[in-house]
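Handing you this structure, nothing more for now.
The values are calculated or read from the model by the stated rules, or taken from the named source; none is laboratory data. Everything numeric in this text was worked out from a predicted model, so none of it was measured. As a convention, Cβ positions derive from the backbone with ideal geometry for all residues, glycine included, and neighbour counts pool all protein chains shown.
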Amino acid sequence: MQDILDGIRQAILAGEEEDARRLVGDGLEKGLEPRRIMEGAMMPAMEDIGERFSRGEAFIPELIVAAEAMQRGMEVLKPHLGGPERGSGLVLLGTVHGDIHSIGKNLVRMCLEGTGFEVVDVGEDVKTERFVEAYREHRPDILGLSALLSSTMQRIPEVVEAVRAEDKAAVIMVGGAPVTQEFADQSGADGYAPNAFEAAKKARELLG
Ligand code: B12
């Protein structure tokens, strides 16, 4: 099994979309748990490429092809993340203004959908006013905010405040690589989760 995990990791790093898709399928067929594929191969690949980028050994085009290979693998994984429950609640989800990172948010969406939540995904680079408008329109049970840059995470408290002005009782969950429990608390959010699996658990917990 380790060879399949290594293969998936290599395929994502090299931006080989077809290999990523095929190997994720092979792993599932051979009985690998979706969570193990995610945490043992796909997420480490993105961490690797991120570290190479920080060291100046990888550049934006490599990040983009790796991200695309990751998305292809995720498409294969998605139907296998499903749980039997339905009707858990509605989550409005988006990445904050100035931030175009989508992979983590999409993964959170998949895990929420897989565990019975309905998700309205407002996309990336979402202005604070747009979050408020969408909140007013959909009246979700939970608002989920994603931020991947230390600069854009500063938008989180702003969105929390604006949405709470619309609805004092809004339940807000936040996440993204630079976001911590401490930052979530300081921002006035109700919940934080470090990854998509924990996000689905946290959403359930927040709704009691
Ligand atoms: C892929 C990538 C890109 C791709 C994004 C493609 C896409 N469609 O998403 C591209 C090439 C476009 C990109 C661009 C940039 N990037 Co970039 N990128 C990454 C990279 C390599 C991986 C991110 C990722 O997808 N991770 C995998 C997912 C699964 O993990 P995740 O996003 O953390 O999400 C998980 C959790 O955080 C959590 N979560 C996420 N959202 C939410 C929401 C809720 C509600 C909850 C509960 C949980 C939760 O669950 C998720 C799933 O488990 C990271 C490095 C890294 N290791 O993170 C850099 C990184 C985030 N990028 C970085 C930078 C600097 C940039 C650029 C500024 C580069 C540039 N000079 O142009 C631009 C910014 C563009 C912009 N305005 O947003 C830096 C950020 C540094 C910082 N702390 O501010 C990083 C850390 C790289 C580095 N080491 O320097 N990037």
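Within the bounds of the stretch 40-55, is there any residue that is more than 10 Å from the ligand (Cβ to nearest atom) and either under 18 Å from the mean Cα position of the chain (by Cα) or surrounded by 15 or more Cβ atoms within 10 Å (Cβ to Cβ) (or both)?
The answer is yes; a qualifying residue exists.
Kindly evaluate Leu93 against the criterion of being assigned to a loop (DSSP other than H, G, I, E, B) and either on the phi < 0 side of the Ramachandran plot or surrounded by fewer than 17 Cβ atoms within 10 Å (Cβ to Cβ) (or both).
Taking the combined requirement at face value, the residue does not satisfy it.
What's the number of the condition Val76 fails, among (1) buried (at least 17 other Cβ atoms within 10 Å of the Cβ); (2) assigned by TED's automatic domain parsing to the domain that holds Gly191; (3) away from the ligand (no atom under 12 Å from the Cβ)?
Val76 satisfies every listed condition except (2).
Quick check on the stretch 110-133: of everything there that is under 16 Å from Glu161 (Cβ atoms) and of a type in the set (A, V, I, L, M), which residue is surrounded by the fewest Cβ atoms within 10 Å (Cβ to Cβ)? Steps first, please.
Here is the first cut: in the stretch 110-133, the ones under 16 Å from Glu161 (Cβ atoms) are 126-133.
Narrowing further to those that are of a type in the set (A, V, I, L, M): 126, 132.
Working: Val126: 22, Val132: 17.
Ranking the qualifying residues of the stretch 110-133, first place goes to Val132.
What are the residue pairs meeting all of these: first residue in the stretch 29-49, first residue under 13 Å from His80 (Cα atoms), second residue near the ligand (Cβ under 8 Å from one of its atoms) and outside any helix (DSSP H, G or I), Cβ atoms under 9 Å, and 6 or more apart or on different chains?
What qualifies is Met38/Asn195.
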